[in-house]
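For reference, the structure discussed in these notes is given below.
The values are calculated or read from the model by the stated rules, or taken from the named source; none is laboratory data. Keep in mind that what you see is a predicted model, and the values were worked out from it rather than measured. A quick note on method: Cβ atoms are made from the backbone with ideal geometry, for glycine too, and the neighbour counts reach across all protein chains shown. Remember, those area values only see protein heavy atoms, side chains included, never the ligands or the DNA or RNA. Shrake-Rupley method; radii C 1.70, N 1.55, O 1.52, S 1.80 Å.
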Amino acid sequence: VKIKILLLGFGNVGRGFCELLSEKRELLMQRHGIHTSIIGISTRKRGSIYVPHGIDMETFLSRTTEDPLLDFKQIFPEMTVKGKDLSVEDLVSLADYDVLAECTVTSMDGGQPACGWIRNALERGKHVITTNKGPIAFHYPYLHELELKYGGRLLFEGTVMSGTPVFSTLSRGLPGSRIDSFEGVLNGTCNYILELMQQGIDYEKALQKAKECGYAEADPSMDVEGYDTALKALILSQVLNEVSLSMEKIELEGIKGINERFFKEACMGKGKIRLVARGILGHNSTDISVKPEVLQKDHPLYNLPGPMNGILFHSDTIGQVYISGRGAGSRETGFALLRDLISLFPGEGQKFKPINIRESEKLFRSDHRC
Ligand SMILES: NC(=O)c1ccc[n+]([C@@H]2O[C@H](COP(=O)([O-])OP(=O)(O)OC[C@H]3O[C@@H](n4cnc5c(N)ncnc54)[C@H](OP(=O)(O)O)[C@@H]3O)[C@@H](O)[C@H]2O)c1
């Protein structure tokens, strides 16, 4: 099968995805019968390129590595549409593609503008794969309605724990199960900072070290104020409990104001402090919290090292299931897109239903239209 991909965003994740597609070209053909071509790439500052028969990836990757900041128009005059700047909206609504791969920045502003692009693609019956937490956290129920209505699938493995398989483990490994609750450490930056603080380093120095190691952004507020973890908790809760929820529903406290007394108390009790996302997924209620908690030695999340992520699910069939792995990275998150892509076109005899772990494709209503 030939698959045309439109890629939105060419930062860490977009590049990781393109590199993997190039590297795995043969394997994708042999194992899954998939032949991929990227027909368009759009960014905010570097512009867009559109090549209906497919971009030569080797050339594209090497030339963008040589000139990492230059506008695409300057590097690839032959691949841009002359006399006209193609907007992201034009590409999403007019270009000929099968899959929209969306990896632009996560925005707390209702997941926009990415949510609008995803909506547009789904309304055209296209499949969408994304690593962007905003659209899924703020509008999953609505976007899921569009999936059911127009037939394209929406997959978002990379939104929680990057390439570490969470949704695919649940959908393939626990079909027919009910997930009653989860507890997770879902932000590597916070985990790393808390580890250093536990060793006696103060918050500002620990944050500085996290920046130097590339774990924290120049503006770390999304991480340390707990919003990044809250978005992930919102995604998990809505998808697993088939409900429509908003950020206000979350009891949220980041690690920014955490004080030394907390650490002393934790150490005295031989515990460790983690920023824990907790979801209690009841029949008629969903309770979510994101806050620093003291975990004891026998807890699976206690030993999670540095920037790693982990999540513990409580199921009604096999009890506890623990998943742990890297929660960020260009190649890791690019891999999440690759896996979603393969899930859409797994090849004959390997088909499975990618996300919903419940038996029904229940339509759950949302007021949060985007
Ligand atoms: N990095 C990770 O480890 C990781 C892990 C899990 C999930 N994610 C999520 O994956 C997404 C991408 O992450 P990243 O690390 O690749 O981010 P990034 O390096 O900042 O790249 C973001 C890309 O999106 C483009 N973009 C931003 N706004 C746009 C707009 N309005 N129109 C068109 N393009 C736009 C940027 O264009 P310019 O190049 O012109 O700025 C850039 O190419 C984010 O939503 C992030 O939360 C990332």
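Check the straight Cα-Cα distances from K4 and name the aspartates and glutamates below 12 Å, setting aside those fewer than 8 residues away within the same chain.
Hits, sequence-local ones excluded: D96, D98.
Before anything else, pin down the relative contact order of the range 188-296: Cα pairs under 8 Å, at least 6 apart, normalised by residue count, whole percent. Before the final figure, lay out the partial values.
On the way: 151 pairs, mean separation 29.5, N = 109.
In percent, rounded to a whole number, it is 27.
Could you tell me which of the pairs K24/K209; K209/K272; K2/K73; K133/K291 are separated by over 24 angstrom between their Cα atoms in the structure shown?
On the way: K24/K209 35 Å; K209/K272 20 Å; K2/K73 27 Å; K133/K291 19 Å.
In this structure, K24/K209; K2/K73 lie more than 24 Å apart at Cα.
Express the relative contact order of the range 106-160 as a whole percentage, based on alpha carbon pairs under 8 Å and six or more residues apart in sequence.
Numbers: 79 pairs, mean separation 23.5, N = 55.
Relative CO of the range 106-160 lands at 43 percent.
Would the range 275-348 count as rounded, prolate or oblate if I go by the C-alpha gyration tensor, calling it rounded below 1.5 in a/c and otherwise prolate when a/b exceeds b/c, oblate otherwise? Walk me through the numbers before you get to the answer.
Values: a/c = 2.08, a/b = 1.37, b/c = 1.52.
The shape class here is oblate.
If pairing requires two Cys Cβ atoms under 4.7 Å apart, which cysteines of the chain are left without a partner?
So far as the 4.7 Å Cβ criterion goes, C18, C103, C190, C213, C267 stand without a partner in the chain.
Find the relative contact order for the range 92-250 and round it to a whole percent, using C-alpha pairs within less than 8 Å whose residues are 6+ positions apart.
Numbers: 189 pairs, mean separation 30.7, N = 159.
Relative contact order for the range 92-250 comes out at 19 percent.
Would you pull out the residues with amide H under 5 Å of L154's amide H, same chain only if 5 or more places away, H placed 1.01 Å from N?
V128
If the cut-off is a Cα-Cα distance under 20 Å, which aspartates and glutamates reach K205, setting aside same-chain residues fewer than 8 apart in sequence?
Counting by Cα, and skipping residues close in sequence, K205 has these aspartates and glutamates nearby: E195, E217, D219, D223, E225, E260.
Grab the eigenvalues of the alpha-carbon gyration tensor for the chain, scale each by 5, take roots, and send me the semi-axes largest first in whole angstrom. Spell out each step's value before the answer.
Values: eigenvalues 244, 124, 68 Å².
Over the Cα atoms of the chain, the semi-axes work out to 35, 25, 18 Å.
With a ≥ b ≥ c the root eigenvalues of the C-alpha gyration tensor of the range 112-251, is it rounded (a/c under 1.5), prolate (a/b larger than b/c) or oblate? Mind dumping the intermediate values first?
On the way: a/c = 2.37, a/b = 1.80, b/c = 1.32.
Prolate.
State the percent of C-alpha pairs, over all pairs in the range 219-286, separated by a distance greater than 13 angstrom. Write down the numbers at each step before the final one.
Working: 1553 of 2278 pairs.
Tail of the P(r) past 13 Å holds 68 percent of the pairs.
Tell me, what is the Rg over Rh of the range 10-116, with Rh the Kirkwood radius over Cα pairs? Mind dumping the intermediate values first?
Values: Rg = 14.3 Å, Rh = 14.9 Å.
Here the Rg-to-Rh quotient is 0.96.
Please state the shape class of the range 8-47: rounded when a/c is under 1.5, otherwise prolate if a/b exceeds b/c and oblate if not, all from the C-alpha gyration tensor. Don't skip to the answer; put the middle values down first.
Working: a/c = 4.29, a/b = 2.30, b/c = 1.86.
Since a/c reaches 1.5 and a/b is larger than b/c, the shape of the range 8-47 is classed as prolate.
Cα axis of helix 133-150 to longest principal axis of the chain: angle in degrees, 0 to 90, nearest 10?
50 degrees
Summing -39500 (n - 2.57) over the DSSP H runs of n ≥ 4 in the chain and dividing by its residue number, what mean residue ellipticity at 222 nm do you reach, to the nearest 500 deg cm²/dmol? The partial results should precede the final answer.
Working: 14 runs with 140 residues, N = 370.
After summing the helix terms and dividing by the residues of the chain, the value is -11000 deg cm²/dmol.
May I ask for the distance between the Cα centers of the range 253-307 and the range 2-63, given as a whole number of Å?
Cα centroid to Cα centroid, the span is 40 Å.
Mind ordering 259-265, 245-251 by average Cβ neighbours within 10 Å, highest first? Display every interim value, and only then the final one.
Values: 259-265: 12.0, 245-251: 15.6.
Ranking the peptides 259-265, 245-251 by packing returns 245-251, 259-265.
Enumerate the amide H contacts of G327 below 5 Å, restricted to partners 5 or more residues apart or on another chain; note that Pro and chain-start residues carry no placed amide H.
Under 5 Å from the amide H of G327: N309.
Gaussian network model of the chain, Cα springs within a sub-10 Å range: biggest mean-square fluctuation belongs to which of L28, L275, L70?
L70
How far is the Cα center of the range 115-135 from the Cα center of the range 174-238, in Å?
Centre-to-centre (Cα) distance: 26 Å.
Going by accessible area, probe 1.4 Å, with all protein chains left in place, what is the ranking of C213, C18, largest first?
On the way: C213 65, C18 0 Å².
Result, largest first: C213, C18.
Counting Lys and Arg as +1 and Asp and Glu as -1, each charge on the Cβ, what is the dipole of the chain about the Cα centre in debye, to the nearest 20? Present the calculation step by step, with values, prior to reporting the outcome.
Values: 44 positive and 47 negative charges, 95 e Å.
Here the size comes out at about 460 debye.
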